[in-house]
Amino acid sequence: MSYSSDSNARPVPTDGKPDGPPDNPDDGSAVTDALAKVTAALPGGGEVREGQRTMAVAVAKAIANSGHLIIQAGTGTGKSLGYLVPAIISGATVVVSTATKALQDQLAAKDLPFLAEHLDVPFTFALLKGRSNYFCVQKAAELQGPKQQMQLLDDGETSRRFDGAKVLEQIDALIDWAQDTEIGDRAELSFEPLGPAWSAVSVSAGECPGAAKCPSGEGCFAERARARAADADVIVVNTHLYGQHVRSGGYVLPEHDVVIFDEAHEVEDIMSDSFAIEISAGRFAFLASRLRQVIVDADASVDLIDAGTQIESALTPYSGQRLVRGPGAEEPIRQALVTAIQRVNKAMSLLRMIDDNAPGGLGPKKLRAVQAATGLAEELLIASELGTNPNERRALGSSSDHGEDSGAPDGGRTEAATQQPSSDYAEDRVAWVEGASSTRGPVLRIAPVDVASTLSLTTWSSTTAILTSATIRSNLSLRLGLPKDSTAILDVGSPFDYGSQGMLYCAVTMPDPRSASFEAATHKEIRALMEAAGGRTLALFTSWKAMRAAAEALSDVKPKLPFRILTQSDLPKPALIKAFSEDETSCLFATMGFWQGIDVPGRALSLVIIDKLPFARPDEPLLVARRERVGDAAFRLIDLPRASMMLAQGAGRLIRTSTDRGVVAVLDPRLNTARSYRYDLLQALPPMRRSRDLGEVCAFLKEITT
């Protein structure tokens, strides 16, 4: 694909500051010269990376021409400098959106400060997170006193699950910390606060009334962060927040010319998640606790709790099921939703009777409760109507009729604002009930079948988009609705010599993954590979059950293996990766959350084992709906690109530097036998030399780890 010839040139205002990127790019020498200068300043001296240079020129051209760019840049390319340098030089206002906190922190704490020092172009940058990541000055002010603090433990759930004294101790520590912090970001804390403690001094986007209506609006940490972002040339956010920006109609983030999605392979799923509706008993308990802080009438809170209980009871028989006709078409669920709407409406009527400026801090509490109730009422109404006859809709009245001005910039929209259903809403959404877990009951989820149309209308039509990742799905442009005539696609490869650094092993003698003998054969194969590597293994599984079975079998095997086996259940993710990295011969067994975003260079990770090809479950509701939409082409358009991307992500954990060596072992023989699609999977993997001989693979592992 090629770039659009229409430059959509932006005018230059009279104050001399460019409004967007320049219209006439040069031949790319300015970008490559700047890139050479900053890479030369890297610690230890930089190196010329042809892929990085190609990427930088392509990004500069896309921004100058107001075109879109999808660029696959393998591990080691230096993607962040490859897109940051041309973006900054362009003079555009840029949002960089990442899928993981680790990359977000790397950009804000390392890459951008480095460029600010070494790039001959002055610019400013800011990190912006969702509102709940910041300390809330107003809520903390309302906690000054033991009576107010003890109210936090009054909801029963906190008392059952947490040590009340510890919660109150942490609240005091958080309030003390807030006196010294300039940013108020939870990430600055030296300890991980308990959920109720942080909840007591923070506010979600769905309940914040906005700075204009808050007595502490001028000192609000979240508003300060937004102000810094509004003045910055480069704004770093996560993709979940960008999804909320799209969902709100563009009211969450400052205006910007360019959005760069790093880890772009995650964009579709995160956007779908951001646009989704989620209804559970927990939301009613949350609203009831907010109501009790404002209203003496205990019946209203009890009614809300009861409404949540009714919804939980109605959802339970449908656990794990897709609601093909929609929640409104299932009478028990619809009746529970209707009752819930009535109870929430009653609570809002009681709240309206309280003056916004009521003494004793009731005013701000009332506004937060109204905000939370409004969002819940809107989503309940959407859920109740999904699947009903169009003539029955709106019988209960639009929840927007309840709306008081939220104080948000548009007089009512917030980061949690929801779109009202259209006549074809049922066709565009899929609803299902997620089963209960150890910490919560069943949850009703409603999500868009695809996000392409929304992004096409709201984002791609007005903002230049750069999407990059080490692994790009073959149909990413189609899945995201990018315009075909103005979207370029480029693969700049990787600087690593995969042919000599790595080996891809396909275990062709393994039984079919669906057979009863596969599990035992897997454990035997894993043991042989781990022994050859002397540990140093990241074993990736497609299910928790398979991971636990393998860990148990290999921990109890005799003779006992001479290295430590860690599992995903043992420690929090950062601590687990740290333990795995520092104990060179240890092995880490993990599931899908570890197939990407794990960076362990060196000999500590010399072997990646993948138990099965990562095809999604056939009954996953959202994917079922997407398959139905494309019909007979579902496997090639939905399942195969997704599995190829995940397989490449898993394999990508192995070679992280130019000196790393190792093996990627795929224990699923379909990588060799599935003639109709094996080529697609192999094409997605790094070009390592291949082997089907376990003896050859074990010899290579012993050679590189001895």
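The values are calculated or read from the model by the stated rules, or taken from the named source; none is laboratory data. Note that this is a predicted model, so its numbers are computed, not measured. We place every Cβ from the backbone using ideal geometry, glycine too, and count neighbours over all the protein chains shown. Note: accessible area is taken over every heavy atom of the protein model, side chains too, but ligands, DNA and RNA are not part of it. Shrake-Rupley method; radii C 1.70, N 1.55, O 1.52, S 1.80 Å.
Overview of results
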| item | result |
| --- | --- |
| Partners for Lys524 among lysines (Cα-Cα distance below 24 Å; same-chain residues under 8 apart left out) | Lys545, Lys558, Lys560, Lys612, Lys702 |
| Of all accessible heavy-atom area on the chain, the percent that carbon and sulfur account for (1.4 Å) | 51 |
| Lys/Arg +1, Asp/Glu -1 at C-beta; the chain dipole; positive extreme among Leu168, Ala229, Ile609 | Ile609 |
| Values of log10 I(q)/I(0), in the order q = 0.10, 0.13 Å⁻¹, for the range 576-706 under a Debye, Cα-only, solvent-free model | -0.38, -0.62 |
| Test item: Cα-centred dipole of the range 237-310, Lys/Arg +1 and Asp/Glu -1 on Cβ, debye | 400 |
| Accessible area (Å², per residue) of the chain, counting only protein heavy atoms and a probe of 1.4 Å | 43 |
| Fraction of alpha-carbon pairs over 19 Å apart in the range 305-394 - percent | 47 |
| 0 to 90° range, to nearest 10: angle between helix 362-385 axis and the chain longest Cα axis | 70 |
| Inter-centroid distance (Cα atoms) of the range 629-680 relative to the range 478-528, Å | 3 |
| Extension reserve of the Trp544-Gln335 stretch, reckoned as 0.36 nm per residue once the Cα distance is removed | 71.6 nm |
| Cα centroid separation - the range 238-312 against the range 25-68, whole Å | 39 |
| Cβ-derived FRET efficiency at R0 45 Å, Ala212 paired with Leu478, nearest 0.05 | 0.60 |
| Per-residue ³J(HN,Hα) for the range 506-511, Karplus 6.51 cos²θ - 1.76 cosθ + 1.60, θ = phi - 60°, Hz, x for Gly and Pro | 10, 7, 5, 8, 6, x |
| By accessible area with a 1.4 Å probe, ligands and nucleic acids excluded, highest first: order of Glu223, Glu169, Glu218 | Glu218, Glu169, Glu223 |
| Value of D in µm² per second that Stokes-Einstein yields for the chain, Kirkwood Rh from Cα pairs, at 37 °C (0.692 mPa s) | 119 |
| Full-extension gain in nm, Thr706 to Val48, via 0.36 nm per residue minus C-alpha separation | 233.7 nm |
| Ratio of the Cα radius of gyration of the range 58-121 to 2.2 N^0.38 Å, where N counts its residues | 1.13 |
| Dipole moment magnitude, nearest 20 debye, the range 324-368 about Cα centre, only Lys, Arg, Asp, Glu C-beta charged | 60 |
| Reachable lysines from Lys139, criterion Cα separation under 23 angstrom, eight or more residues apart if same chain | Lys129, Lys147, Lys166, Lys213, Lys365, Lys366 |
| Neighbourhood charge, 13 Å Cβ-Cβ cut-off, centred on Leu103 and excluding it, Lys, Arg +1 and Asp, Glu -1 | -3 |
| Rg and Dmax [Cα atoms of the range 543-585; Å; Rg one decimal, Dmax integer] | 11.3, 31 |
| Where Rh is the Kirkwood radius over Cα pairs, Rg/Rh for the range 633-706 | 1.02 |
| Net dipole in debye of the chain [+1 Lys, Arg Cβ; -1 Asp, Glu Cβ; about Cα centre; nearest 20] | 1800 |
| Value of [θ]222 nm, deg cm²/dmol, for the chain, DSSP H segments ≥ 4, -39500 (n - 2.57) each, nearest 500 | -12000 deg cm²/dmol |
| Distance between modelled label sites at Ser319 and Ser515, nm, 7 Å Cα→Cβ extension | 3.5 |
| The range 480-494 residues near the modelled Ser453 label - backbone nitrogen below 15 Å, point 7 Å along Cα→Cβ | 480-482 |
| Nearest-0.05 FRET efficiency for Ala634 and Arg675, computed from C-beta distance (R0 22 Å) | 0.70 |
| Extended-chain gain in nm, criterion 0.36 nm per residue less alpha-carbon gap, Lys558 and Lys101 | 160.4 nm |
| Gln683 versus Ala227: modelled label distance in nm, points set 7 Å from Cα along the beta carbon direction | 5.3 |
| Inter-label distance, nm, simple model (7 Å from Cα along the C-beta direction), Lys578/Ala187 | 1.7 |
| DSSP beta bridges in the chain [antiparallel fraction, %, rounded to 5] | 20 |
